[in-house]
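The values are calculated or read from the model by the stated rules, or taken from the named source; none is laboratory data. This structure is a prediction, so every number in the text was calculated from the model and none was measured. Cβ: placed from backbone, ideal geometry, glycine included. Neighbour counts: every protein chain shown.
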Ligand code: SF4
């Protein structure tokens, strides 16, 4: 993992002191709320429905045991004993006081963490493939680039007052697990098809929210050493030309859309042509950062573990958990293990401080003291020996963290919604809980197979509902919470926006509707066909009648 | 209106109507002013969406370009300053608008020399606060901004130094 | 930030004044003699004059940097004289997260949680 050097250390410490001073100036009235708001947002602090909320950056989703323990300590000392992992690989505390925020940030700085730019109209915390450094389909580990971008974007003098937030994702693998096309900018590390040279493909203009758009390729191949200059060019075009007259039209996706891809590309390329080049700094930085991500000492192990195979045979519950939790590791005898934070009926992504501490121990014992946060609000232990899996699973079970549902219908993504969020139009968590309970039976879930349900509590789409196989959007209709259901979205290389199935439902109709859609799939699927494959083959319309039938029954 | 630079408050040697001394005119009046006052010290005030090309022909004749910040949250002026500097403007760059002290370092890093504030800012935000904000963060990561070297450049220099001393050893 | 700010519109009555404590972030209500965390103790404005007075108090407290985001919320008053916001969003603000009944005002002020459900 990357460790702060003296510059990083000084930077975050000074940043905390700066925020302490900003808070003092706010309390004295020197800063008005309007002036203070962007400053606190750029330090991750929101004012939510019940209290302040502090969003802590987990850059590219990588966390150490030591850091997780510190988060547990903060949860106990300054919050209410739990935290919430978000779809952007961050962690939120729901109850901090403004006056405590500087002390919390100091505790974060103690373990090389911060809350910088987890909110506000600036370049947000950079996300990456949660299987970085592990995946077999990886061309290059994306984390050095992501760390470089974390530093480059931090307190950027030119790009801290953008028209709107700006999200960057990086992947170095052939399969896009970071959903680049749903980001303002996506950086894909790839090999040039002819020369074999490693460089970057740059996408821009993706995003969800009120007007979902799929990111487009701005540059097919950007040689190494030119990334910062190219991103500077994109940012400058966006900062200058992006709309500021309407919050809902201010993201870069609208600019790319309104200018047209070619005109946008031309603008970026001409900016890039005249801008300074930081090739030497960039190359040197990447060379400095990269070794910190390749320090794990793996044992020489056979590809097949006899202990593991025997345990699976002897214990079917374990075998069930293994089915979806494991991701193949590039090193023989190891696996990356996804740990579901979606217990049946629980709050998606929530973790108690006790669980954090126990999990930190597990990561130390079984995974070199490292863990990852996924955008699906789950955790990953990236380097577990196959031999250790059974022991790991048993310990997880005791912590309530062995739910065998990764990628299944109850592995639901849900934003905080109206239970916490000031912008929400409806609740999302109770909807997730109702669906989760409905499909809680393990055999039934496995029978249904891979199915992603994603829920947002308002049009801002933090729950990524547009790209859920089934998406649910909470709105307000005639003074009631009302839910729109979409079908056919996909958060993958084939990024697709789901289509609306019909009129909005009340909260207690949603689980029934999902059940009817799923029943339609089970009735019509071909052998081995997954839910989304069946939707693609049959078309969304094929599911509409089932969806509407129930809605009419309810109305009658 | 109050004007400050890196050192603190300063007197404004420009005005918007005075015929003696420096004058700042709107972009629409630039041509005629240049024609009429060949010898004078002339500045121009522009909105933050003016294309650099429109001003570039006048760079040599312009002592100052003032960029309006309609609101402190509108960051277009930072990029425009940067573009003007990149295009070779070497005169004074002034930010005009309700910036807050915490934006001072950003403004100077992007190429501004001075900030003209509305009177209302003065009541709440002191010279000391502007000075403190300038020193809040010692080094920025981004290369190419401000006068001081970035963290990226410092690290590189430190490594080069280390390597050199090693090869001399 | 809040989508339900009503200051520009005529307040719907009866109403209470909701705000956040600047330092703590806690949801506060204007009571008869000051700010309170207990929604049941909120002062209820039944006339436009009362409502305006509440808003004035809110505005002054905002100006003194004690609270932020003050606005009137329409309520219904139950038999015991306790106000419940009409809109579900504001109702949640008087209770706490519906998924964590052990937290927030619903946990701190048991009498209110019962009355609201
Ligand atoms: S989608 Fe809306 S309700 Fe959900 S977290 Fe984002 S802003 Fe809040």
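Per-structure values
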| item | result |
| --- | --- |
| Whichever residue in segment A:458-488 is part of a loop (DSSP other than H, G, I, E, B) and away from the ligand (no atom under 15 Å from the Cβ) and, among such residues, is farthest from the other protein chains (Cβ to nearest Cβ) | A:488 |
| Members of segment A:234-253 that are away from chain B (no Cβ under 11 Å) and assigned to a helix (DSSP H, G or I) | A:234, A:247, A:248, A:249, A:252, A:253 |
| Matching entry among A:411, A:387 (being touching a residue at least 24 places away in the same chain (Cβ under 8 Å), away from the ligand (no atom under 15 Å from the Cβ) and either within 14 Å of another protein chain (Cβ to nearest Cβ) or part of a helix (DSSP H, G or I) (or both)) | A:387 |
| Residue match in segment B:94-105 (condition: loosely packed, with under 13 Cβ neighbours inside 10 Å and either modelled with pLDDT under 95 or within 28 Å of residue A:122 (Cβ to Cβ) (or both)) | no |
| Meets criteria (buried (at least 21 other Cβ atoms within 10 Å of the Cβ), away from the ligand (no atom under 16 Å from the Cβ), more than 14 Å from every other protein chain (Cβ to nearest Cβ) and closer than 27 Å to residue A:441 by Cα) for residue A:371 | no |
| Out of B:118, B:26, B:70, sole residue that is farther than 29 Å from residue A:153 by Cβ, within 14 Å of chain A (Cβ to nearest Cβ) and surrounded by fewer than 16 Cβ atoms within 10 Å (Cβ to Cβ) | B:118 |
| Selection within segment A:446-456 - more than 14 Å from chain C (Cβ to nearest Cβ) and either touching a strand residue (DSSP E or B) at 6+ places or on another chain (Cβ under 8 Å) or within 16 Å of the ligand (Cβ to nearest atom) (or both) | A:451, A:452, A:453, A:454, A:456 |
| Segment B:126-141, subset facing another protein chain (nearest Cβ under 7 Å) and free of Cβ contacts under 8 Å to residues at least 24 places away in the same chain, residue nearest to residue A:278 (Cα to Cα) | B:141 |
| Strands (runs of 3 or more DSSP E) within segment A:122-211 that include 3 or more residues within 16 Å of residue A:375 (Cα to Cα) | A:168-171 |
| Scope segment B:122-165; condition closer than 26 Å to residue B:3 by Cα and outside any loop (DSSP other than H, G, I, E, B); matching residues | B:122, B:123, B:124, B:127, B:128, B:129, B:130, B:131, B:132, B:133, B:134 |
| Filter result for the condition that a residue is assigned to a loop (DSSP other than H, G, I, E, B) and either more than 14 Å from chain C (Cβ to nearest Cβ) or in contact with a helix residue (DSSP H, G or I) (Cβ under 9 Å, 6 or more places away or on another chain) (or both), over A:360, A:404, A:434, A:443 | A:404 |
| Criterion: on the phi > 0 side of the Ramachandran plot, within 27 Å of the chain's Cα centre (by Cα) and surrounded by 18 or more Cβ atoms within 10 Å (Cβ to Cβ) - qualifying residue of A:60, A:52, A:2, A:46 | A:60 |
| Scan of segment A:414-440 for residues that are under 17 Å from residue A:341 (Cα atoms) and away from the ligand (no atom under 16 Å from the Cβ), ordered by number | A:434, A:435, A:436, A:437, A:439, A:440 |
| Among residues of segment A:313-357, those that are surrounded by fewer than 17 Cβ atoms within 10 Å (Cβ to Cβ), within 21 Å of residue A:442 (Cα to Cα) and more than 26 Å from the chain's Cα centre (by Cα), counted | 6 |
| Flag if residue C:39 is within 14 Å of chain A (Cβ to nearest Cβ), buried (at least 17 other Cβ atoms within 10 Å of the Cβ) and in contact (Cβ under 8 Å) with a residue 24 or more places away in the chain | yes |
| Matching residues, segment A:193-213, being within 22 Å of residue A:262 (Cα to Cα) and touching a strand residue (DSSP E or B) at 6+ places or on another chain (Cβ under 8 Å) | A:199, A:200, A:201, A:202, A:203, A:204, A:205, A:206, A:207, A:213 |
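Residues are listed down the side, and each one gets a yes or a no for (1) modelled with pLDDT of 95 or more; (2) away from chain C (no Cβ under 12 Å); (3) closer than 19 Å to residue A:114 by Cα:
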| position | (1), (2), (3) |
| --- | --- |
| A:23 | yes, no, yes |
| A:26 | yes, no, no |
| A:31 | yes, no, no |
| A:34 | yes, no, no |
| A:37 | yes, no, yes |
| A:49 | yes, no, no |
| A:54 | yes, no, yes |
| A:58 | yes, yes, yes |
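For every residue, the table says whether it meets (1) closer than 30 Å to residue A:435 by Cβ; (2) in contact with a helix residue (DSSP H, G or I) (Cβ under 6 Å, 6 or more places away or on another chain); (3) modelled with pLDDT of 95 or more.
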| position | (1), (2), (3) |
| --- | --- |
| A:252 | no, yes, yes |
| A:286 | no, yes, yes |
| A:295 | no, no, no |
| A:315 | yes, no, yes |
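Every residue, every condition in (1) out of contact with any strand residue (DSSP E or B) (no Cβ under 9 Å at 6 or more places or on another chain); (2) within 18 Å of residue A:406 (Cα to Cα); (3) assigned to a loop (DSSP other than H, G, I, E, B), yes or no:
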| residue | (1), (2), (3) |
| --- | --- |
| A:281 | yes, no, no |
| A:288 | yes, no, no |
| A:299 | no, no, yes |
| A:332 | yes, no, yes |
| A:356 | no, no, no |
